Structure formats: C-alpha cells, structure tokens
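Every number here is computed from the coordinates shown, using simple stated rules; none is lab data. Remember, it's a predicted structure, so these values are computed and weren't measured experimentally. Positions of Cβ are backbone-derived with ideal geometry, glycine not excepted, and every protein chain shown enters the neighbour counts.
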Amino acid sequence: MGQYQKIKGTQDFYGVTANKLRTIEMVSSKVAKTYGFKEIITPIFENSNVFIKNVGEESDVVKKEMYTFKDKGGRSITLRPEGTAAVARSFIENKMYANPGMTKYYYYGPMFRYERPQTGRYREFNQFGVEAYGSDSPLLDSDIILSGYNIFKSLGIKNVVLHINSIGDAASRLNYSSFLQTYFKEYIDSMCIDCQRRLTTNPMRILDCKVDKENIAIKNAPNITDFLTNESKEYFSNVLKTLDALEIPYIVDTRLVRGLDYYTDTVFEFVINSNDELNGLALGGGGKYANLINSMVGKNVSGIGYAFGLERISAVMDKQNAWKDLETITDCVILGLDDESKISAMLLSNELRCKGLTVEMDYASTKLKPQFKLAERVNCKYIIIIGEEERKTGLYMVKNTVTKTQKKISKDKIYEYIEEEK
Ligand code: HAM
C-alpha cells in the first residue's frame, strides 16, 4: 500500500484545492508588485549551511526540523525550510548588493519542515514571501507590514490581528541574553535537555521552547523590551507611529520573539482570531534582519520581509467563505445592443484592458438576455450597457452588480469611476 500513500504531513492539491493555492499566489503577487517587488525563484534545495548558518544553529527549524541528506557526491543538502536564507544566499551570490538603491523580491513555493502534523501544520507547505534589502528606515518596516495587510484585504480575509514587537539591535540582544543566562541558571534543572544546552548556546531560544512553555521561570522572565537600547526604542516607536498614521491596527506583543535567529528590531506576525480550531494560528510572520547580509558582504545591507502560509490562508478563507468575493476576477462585461454599439464596446474594452481591468463581452448577440447571462456566469462587478442612445450622448450605463446601483457615466470617465469605487 505504501507505494500509493503520500508521506505523512504532505498533501495532494487537485482541481479546486490547487486552484485555491494558485489564486492566493496570484492575488498576493499582484499586491506585492504594486510595492515594487519582482519575482525570484531559487532552488528547492540548498547546501545545508545556507540554513544552518543563517536561520541559526539553535533554532528548532535547524535543530529538529530540517530535511537534510547526503547526495551521491557526499554533500550535505537540505530541502528549504524557509525562503529568507535562500534568497539572501542568492542576493549575495549574484552580487545584488552592488545595485544602487533597494532590491525587492517576492517568491512562492513549497517549504519543508519535519514537524508534528496538526491543524495548519504540515511537513510540506507552501509559502508566499517577500524580502526587501537596502534601507534601514523604520518607514520601510511599516510599508512592508502594510503590503502584507493589503494582501489579506485583497483576499477578503477578516479578523487578522497584527502582533508586533521589537527584539532590539545586536547590543540590546546581548544585554538581554546575558541577563537571561543568569536568570535561568537557578531554574535550569527543571527544564528540558534542549533548554539546558540553550542556556549556554542561545538563552533567548529558551523563551520559545515548546516543551517548557508552561514553566513558571519562562512565564515570569522579563521581556526583551526592558533591555532595548535607546536607538532600538526610538526605531520601534517610529514604526508604530507610521502604523498608527496608516490606521493599521496592531497589538504590541512583548512575548513575540520569533523562532528564527536572524531577526533584529521589528518582528511581527499576522494571527487569525476565530472561534474554531484555527484560532491563534499565525497566517504569516516576518521581521527585520539588519545583520544577516552584513556579516557576509562586509557592507551595511539591512533586510526585512515576511512569509505567509498558503494552506493556513486557504483554510481561513474556507471558514470565512471568502472565495466568493475573489470569484469576481472579471471587472466588467460590456453589452452592445446593436452592431454599431458592439464596436463601441470593443473600443471601450480595449481601453479598459490596456489600463489593467479584466473585461469580457459577448460577440454573438445584441440581445440583452444572453449578454446578461454572460455577465452572471463570469460574476463581474460592473455591467456597462451601450445602445443607440448611449452612443449619441456618450453617456454609458454602468451597473454595479454588488451594490445594485446604476449610473450614466461619460465614456471617457468610466475607468476613473471604477477605480474610485475600488
Ligand atoms: P515562519 O514564521 O517560520 O517565518 O513561517 C511563516 C509562515 O509560514 C507561518 O506564519 C505559517 O503561516 C507558515 N508555516 C510555517 N511552518 C508551517 C508548517 N509546518 N505548516 C504550514 N504552514 C507553516 C519564515 O519562514 C520566515 N522566513 C519569514 C520571513 C521572511 N522573515 C523575514 N522574511
């Protein structure tokens, strides 16, 4: 039977479920492109050191979850558990840091982690992620968060809460680490073997130990926020100030440290708030990493990014019945009520398509009924009607199928009208 059984923690996607993942990718990349991100495709596997050195030897991802094997040439190879380290490797190898200005890439595809499969947790899962290099401004942090926020908005997902924290710069973390080393010393005998090792190798990782998470010493440990340098405090308050101005709601979660070692200063997660088994799951997470690139190129190149879990997003969209809004991928259907009006419909559809809208029209009929049928079938948001009178006045009837309102709009102003209503 084994030969016809998928590996634990993996899934087959076909038909509708495959289409859902592709739709999330499409919407996410469309939004990311508006922020200047271009696509990057890196290999599914890398030399193991790409992840060991960059994600951090003490992280759970490296220590316990990597699919690592020797290839036939005896090299240690790892199936990528995440994208950031792989994109950083490519950024350095291809000397993208030599480009003036910023470098911004988005990516999507499968990631692999040997975790215990459960709701929203798989051994092979798909991420959509972005990485931006080359600016140290807190404005960039807020803009990156805004792009993620807008992806959820475009997908029609509700009740996603932004959790945000600062884990400080290198100096803040050093202060905090040495404090934790002393603090945990007296409790360490009651902790798991991994935490006992972490005490000397990376005491901050004790805080996100899955085994000891109920341990009173962890619960009572002071937060990193109390150890931030003045620079880090100011940086974080600037990030929050911009989020306030952008009206992005957030919760400052002083316990959020993230499980990957490369982060500095801003870290964040988008968490779903629901009354089912998905409640509290992170749909995505990310943060700034000021030193990941520096250490390798000897030049100050700060990075920031995030990644979303597509299976989790898809599950939330199922629960929230959010797919129906996305089916309105066709923006307009244009109806022509006589042969001449068909030509006007062609002209208008060409204009709207050139501006990026998706437009359909019925080529065969000038009757209303079959043309309305088409509009219904493709579930368009706008129906534009052109007849003899409309041609004469230059005012076309524009029906909004969602709000069920209609208005005559000058044919040159239809694009602006649709954009304004978005
Ligand atoms: P991460 O928090 O490890 O961050 O993963 C990001 C998202 O991937 C999670 O919020 C979750 O939605 C999804 N995810 C992670 N593990 C699993 C799993 N086993 N099964 C299903 N979904 C999962 C990163 O990977 C960083 N590289 C993000 C980043 C980009 N930071 C800076 N740039």
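Sequentially through segment 271-281, phi angles give Karplus couplings (6.51, -1.76, 1.60; θ = phi - 60°) of 10, 8, 10, 8, 10, 9, 5, 7, 3, x, 6 Hz, Gly and Pro residues having no value and appearing as x.
Taking the DSSP bridge list for segment 332-421 and keeping only pairs wholly inside it, about 55 percent are antiparallel.
In sequence order, segment 385-392 has phi-based couplings of 10, 10, x, 4, 4, 4, 4, 5 Hz under the Karplus curve 6.51 cos²θ - 1.76 cosθ + 1.60, θ = phi - 60°, and Gly or Pro positions carry x. Please work out the C-alpha center-to-center distance from segment 105-180 to segment 1-67 and express it in whole Å. The two parts, judged by their Cα centres, are 14 Å apart. What aspartates and glutamates could a cross-link reach from LYS324, if we take a straight Cα to Cα line under 18 Å and drop same-chain neighbours fewer than 8 places away? The qualifying aspartates and glutamates are GLU25, GLU311, GLU376.
In terms of overall dimensions, segment 332-421 has a Cα radius of gyration and Dmax of 11.7, 32 angstrom. Here's the list of lysines a cross-link from LYS185 could span, going by alpha-carbon distance under 26 Å and ignoring same-chain residues fewer than 8 apart: LYS63, LYS64, LYS210, LYS213, LYS219.
Dividing the alpha-carbon radius of gyration of segment 1-92 by the rule-of-thumb value 2.2 N^0.38 Å gives 1.34. This model, with +1 at the C-beta of Lys and Arg and -1 at the C-beta of Asp and Glu, gives the chain a dipole about its Cα centre of some 820 debye. Going down the table (LYS369/LYS408; LYS288/LYS422; LYS30/LYS408; LYS369/LYS399; LYS20/LYS153), which pairs top 22 Å between alpha carbons? Listed pairs above 22 Å: LYS288/LYS422; LYS30/LYS408.
Sorting PHE13, PHE227 from the fewest to the most surrounding beta carbons within 10 angstrom yields PHE13, PHE227.
The H on the amide N of TYR67, modeled in the peptide plane, is under 5 Å from the matching H of LEU79, TYR114, each at least 5 residues off or on a different chain. Put in line by how crowded their Cβ is, counting other Cβ atoms within 10 Å and starting with the fewest, ASP194, ASP244 read ASP244, ASP194.
Once both axes come from the Cα atoms, what is the angle between helix 230-245 and the longest principal axis of the chain, in degrees from 0 to 90, rounded to 10? For 230-245 against the chain, the angle is about 20 degrees.
Counting other Cβ atoms within 10 Å of each Cβ, which trypsin sites (Lys or Arg not before Pro) in segment 306-377 have at most 14 and sit in a DSSP loop? Of the trypsin sites (Lys or Arg not before Pro), the ones in loops of segment 306-377 whose Cβ has at most 14 other Cβ atoms within 10 Å are LYS355, LYS367. Rounded to the nearest 20 debye, the dipole size of segment 332-421 about its Cα centre is 280 debye, using +1 on the Cβ of Lys and Arg and -1 on the Cβ of Asp and Glu.
For segment 110-161, trypsin sites (Lys or Arg not before Pro) meeting the loop criterion (DSSP other than H, G, I, E, B) and having at most 15 other Cβ atoms within 10 Å: LYS158.
A Gaussian network model of the chain, with springs between Cα atoms under 10 Å, assigns the largest mean-square fluctuation among THR264, THR401, THR17 to THR401. Volume per residue for segment 184-337 equals 211 cubic angstrom (convex hull of Cα atoms). Each helix, a run of at least 4 DSSP H residues, gives -39500 (n - 2.57); summed and divided by the residues of the chain, these come to -11500 deg cm²/dmol at 222 nm.
Over the chain, the ratio between the Cα radius of gyration and 2.2 N^0.38 Å evaluates to 1.17. Cβ-to-Cβ counts within 10 Å put LEU335, LEU283, LEU347, LEU240 in ascending order as LEU347, LEU240, LEU283, LEU335, the fewest first. For segment 341-422, chymotrypsin sites (Phe, Trp or Tyr not before Pro) are listed when DSSP marks them as loop and at most 12 other Cβ atoms sit within 10 Å of their Cβ; the list is TYR363.
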